[in-house]
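Everything on this sheet refers to the single structure shown next.
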Amino acid sequence: MQTLKLQLKIITTAILCGILFISNFTIIKAEDKRTNIYLMGDSTVSSRDNDYINGWGNHLYRYFDKNEKIEKLETISQYEDAVRYTSSKVKIENWAKSGASVRSYYDDPKLYQNVYNRLRKGDYVFIQFGHNEINKSCQGSDVKTYERYLTTYINKIQSKKATPILITSPPLNNKSNGKYYLYVPAYRKAMLNIGKKKKVQVIDLGAKCVEYLNQRNSSEVNSMYIQDNMHFTPKGAKIFARIIATELKDSDKSKNLSGNIWLPTYNLNKYMMKAEKLNKRKYTKRSWKMVQKYYIHGKKIIYDESTTRKEINTTRSKLKKAIKNLKKKKAKVKKK
């Protein structure tokens, strides 16, 4: 009898161990299927653990989970300010550092090398440098050196069969002739050129932000920046992260990511993109004016968290209808 009990105990233990092994294997397997996204950049990217100042890296995770069930999982030991956000589909590790330039980030043993060592096939690396290139105390660089370092990043990341995505620097809260303008435009141009040359996706955050800011009044823009007019409040950081997510969603170059991105404004944005591709000269003034009316309104609401679902759907329906009702201009008959 005791022998039978012992045998049953051994069999039960073996079954339980097998279940635990299979469960753990399944968890590891699911973990392996997640897409890893690494963020490299300066203070406008870095995660800040307070309610006063944030980088857009604080909020990018929000757009990779419909129910926002992603949580701040851990601080990574090699670099005390690195933060990981996880969901069932993606892991985002923010390795951005305040004061970093394209050169200082590469030379710091805690930063680039750690990201590079973690890379595996299919990962993504978002790279935003530019703010500190004009600052000598941050080991800033001239445009040619900037291009050389960006090229080095791209080559090394691609050698791991990972995908680099370049992001231009966001603007300051400053105006010239009544308009917000691009910050460090020479470095933005250099990044766009490198992206084109290397056939790498570039998210022109600088240009998109300028366009967005110029559609808002000063008080709204002031609420997006802290007093130094360079760094973002949580509100501003969230909007800029949403701009990046929208650009990722709309690009054919980031298809593997776009399926994981959830945006309540996506259906509206599809028609916004259609409107952008239309040729004004082909259509009558009246029908074109209606398209522009709803297109401009869409531009004003598309990145705002406070926009209601009803307003999004109403604007989408009206823009869709206006595009459908476009009337082509009659061809002029030449007199003999």
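Here segment 265-294 is the region considered, the condition is being over 21 Å from the mean Cα position of the chain (by Cα) and hydrophobic (A, V, I, L, M, F, W, C), and the residue that is most open to solvent (accessible area, probe 1.4 Å) is Met290.
In summary, Lys300 fulfils each of the numbered conditions (1) open to solvent by less than 30 Å² (accessible area, probe 1.4 Å); (2) of a type outside the set (Phe, Trp, Tyr); (3) closer than 18 Å to Asn214 by Cα with the single exception of condition (1).
Only one of the numbered conditions (1) charged (D, E, K, R); (2) open to solvent by 70 Å² or more (accessible area, probe 1.4 Å); (3) outside any loop (DSSP other than H, G, I, E, B) is violated by Asp228, and that is (3). Pairs meeting the criteria (first residue in segment 93-112 and in contact (Cβ under 8 Å) with a residue 24 or more places away in the chain and within 16 Å of Met191 (Cβ to Cβ), second residue of a type in the set (Val, Ile, Thr) and open to solvent by 10 Å² or more (accessible area, probe 1.4 Å), beta carbons under 7 Å, at least 6 apart or on different chains) are Arg103/Thr145. In this structure, is Val202 in contact with a strand residue (DSSP E or B) (Cβ under 8 Å, 6 or more places away or on another chain), surrounded by 17 or more Cβ atoms within 10 Å (Cβ to Cβ), more than 22 Å from Asp108 (Cα to Cα) and among the hydrophobic types (A, V, I, L, M, F, W, C)? The answer is yes for Val202. Ser46 meets all of the listed conditions (1) at pLDDT 85 or above; (2) outside any loop (DSSP other than H, G, I, E, B) but one, namely (2). Evaluated against (1) surrounded by fewer than 15 Cβ atoms within 10 Å (Cβ to Cβ); (2) farther than 18 Å from Tyr38 by Cβ, Glu147 falls short on exactly one condition, (1). A count restricted to segment 124-158 and to residues that are in contact with a strand residue (DSSP E or B) (Cβ under 8 Å, 6 or more places away or on another chain) and not hydroxyl-bearing (Ser, Thr, Tyr) stands at 9.
One residue is enough: does segment 83-103 have a residue meeting the conditions open to solvent by 10 Å² or more (accessible area, probe 1.4 Å), modelled with pLDDT of 90 or more, closer than 26 Å to Thr145 by Cα and touching a Leu at 6+ places or on another chain (Cβ under 9 Å)? Checked segment 83-103: at least one residue is open to solvent by 10 Å² or more (accessible area, probe 1.4 Å), modelled with pLDDT of 90 or more, closer than 26 Å to Thr145 by Cα and touching a Leu at 6+ places or on another chain (Cβ under 9 Å). Among the candidates Lys161, Lys179, the residue that is under 17 Å from Lys299 (Cα atoms), out of contact with any strand residue (DSSP E or B) (no Cβ under 8 Å at 6 or more places or on another chain) and at pLDDT 95 or above is uniquely Lys179. In summary, helices (runs of 4 or more DSSP H) completely within segment 112-221 and bearing 3 or more residues that are out of contact with any Gly (no Cβ under 9 Å at 6 or more places or on another chain) and more than 16 Å from Ile239 (Cβ to Cβ) occur at 112-118, 143-159, 185-198.
Ala322 meets the conditions (1) surrounded by fewer than 16 Cβ atoms within 10 Å (Cβ to Cβ); (2) touching a Ser or Thr at 6+ places or on another chain (Cβ under 9 Å) in every case but one. The failed one is (1). Exactly one residue among Lys253, Lys208 is charged (D, E, K, R) and either at pLDDT 90 or above or open to solvent by less than 50 Å² (accessible area, probe 1.4 Å) (or both), and that residue is Lys208.
Just a yes or no: is a residue in segment 26-36 under 14 Å from the mean Cα position of the chain (by Cα) and at pLDDT 55 or above? Yes, segment 26-36 contains a residue that is under 14 Å from the mean Cα position of the chain (by Cα) and at pLDDT 55 or above.
The values are calculated or read from the model by the stated rules, or taken from the named source; none is laboratory data. On a predicted model such as this, the values are computed, not experimentally measured, just so you know. Glycine gets a Cβ as well: all are built from the backbone with ideal geometry, and neighbour counts include every protein chain shown. Side chains are part of the model used for accessible areas, which takes the heavy atoms of the whole protein and leaves out ligands, DNA and RNA. Shrake-Rupley method; radii C 1.70, N 1.55, O 1.52, S 1.80 Å.
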